[in-house]
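Quick notes on the structure that follows.
The values are calculated or read from the model by the stated rules, or taken from the named source; none is laboratory data. As the structure is a computational prediction, the values presented were derived from the model and not from experiment. Neighbour counts are summed over all protein chains in view; Cβ atoms, including those assigned to glycine, are modelled from backbone coordinates with ideal geometry.
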Amino acid sequence: MVCMSVPTRPRNHSSIKRGNDSTYFDSATMTFMENTALSKDTFYVVQDTNAVIEKEELLSIIWNNPSLLNDVILKKFYDSIRNAPMGQILAVDTSMASSSSNINYPSLLSLLNAIIPVNNIEANLQTATAGYLSFLINDSLSASELTTLRTLANKCPDWDGNGVYQARALLALFDPPSAVYPNNCNSNLHVQHKPDKRNEIFEPIFDLYPNPNNGSFTLDYQLGKGHIVF
């Protein structure tokens, strides 16, 4: 039994249209993908984590749509990430899920274990992929492997990436359907992002009297702390 990779989070590409045999990307979608490639996307929370997840998904989209490599920005992004840890891990994952009957799973596992992840998203993908490969090689998982995967499955996908979903999918072969994962998205282990107050709109309070007047008047105003009148 070959365990396919769990699909990544939806990118909300409402402008992607599928034709008879291909996928079409309109200009808005191309701009969105280029911004992802150039690290220009901004997120209200967990900026670093979401940026990594977006790039992971963009790489998968490019692999499934090679014509996107005709775009100079996306081609440069692809060339830079395919040999980076994220690209290497996803390459192993893609090879593992191939329909080919000549897959050398032990060799893939050795390649995977040699990769050094640079962030938690990559580390979690590596852990989940290693679990799949171990299962494909041994047709089972050891107690320690199951413990590692359960720890991963109980993490928050928004913070820890798609490896969390992959671990949950694999554990479905071992755990009962009643297994529930709390996500831990509000855990104190994660530092909550606070909005940048520099971007808040402040409305000062003014009081002009008398009104109407004969040219002589008094202006009272209240400013928030740290606000200056120019």
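Tabulated results
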{"quantity": "Condition met for ALA37 (of a type outside the set (Val, Ile, Thr), within 22 Å of ALA123 (Cα to Cα), surrounded by 15 or more Cβ atoms within 10 Å (Cβ to Cβ) and at pLDDT 90 or above)", "calculated": "yes"}
{"quantity": "LYS17 being at pLDDT 85 or above and surrounded by 12 or more Cβ atoms within 10 Å (Cβ to Cβ)", "calculated": "no"}
{"quantity": "Extreme residue, surrounded by the fewest Cβ atoms within 10 Å (Cβ to Cβ), among residues of region 40-68 that are modelled with pLDDT of 80 or more and among the β-branched types (Val, Ile, Thr)", "calculated": "VAL52"}
{"quantity": "Identity of the residue in region 136-171, within 18 Å of the chain's Cα centre (by Cα) and among the acidic types (Asp, Glu), that ends up surrounded by the fewest Cβ atoms within 10 Å (Cβ to Cβ)", "calculated": "ASP158"}
{"quantity": "Contacts under 9 angstrom Cβ, first residue in region 137-157 being farther than 19 Å from LEU125 by Cβ, partner among the small types (Gly, Ala, Ser) and surrounded by 16 or more Cβ atoms within 10 Å (Cβ to Cβ), 6 or more apart", "calculated": "SER140/SER134; SER142/SER134"}
{"quantity": "Selection within region 106-135 - in contact with a helix residue (DSSP H, G or I) (Cβ under 7 Å, 6 or more places away or on another chain), surrounded by 18 or more Cβ atoms within 10 Å (Cβ to Cβ), among the aliphatic types (A, V, I, L, M) and in a helix (DSSP H, G or I)", "calculated": "LEU108, LEU109, LEU112, ILE121, LEU125, ALA128, ALA130, LEU133"}
{"quantity": "The one condition in (1) at pLDDT below 90; (2) in a loop (DSSP other than H, G, I, E, B) that ASN83 fails to fulfil", "calculated": "(1)"}
{"quantity": "Number of the exception - PHE32 against (1) modelled with pLDDT of 90 or more; (2) over 18 Å from ASN162 (Cα atoms)", "calculated": "(1)"}
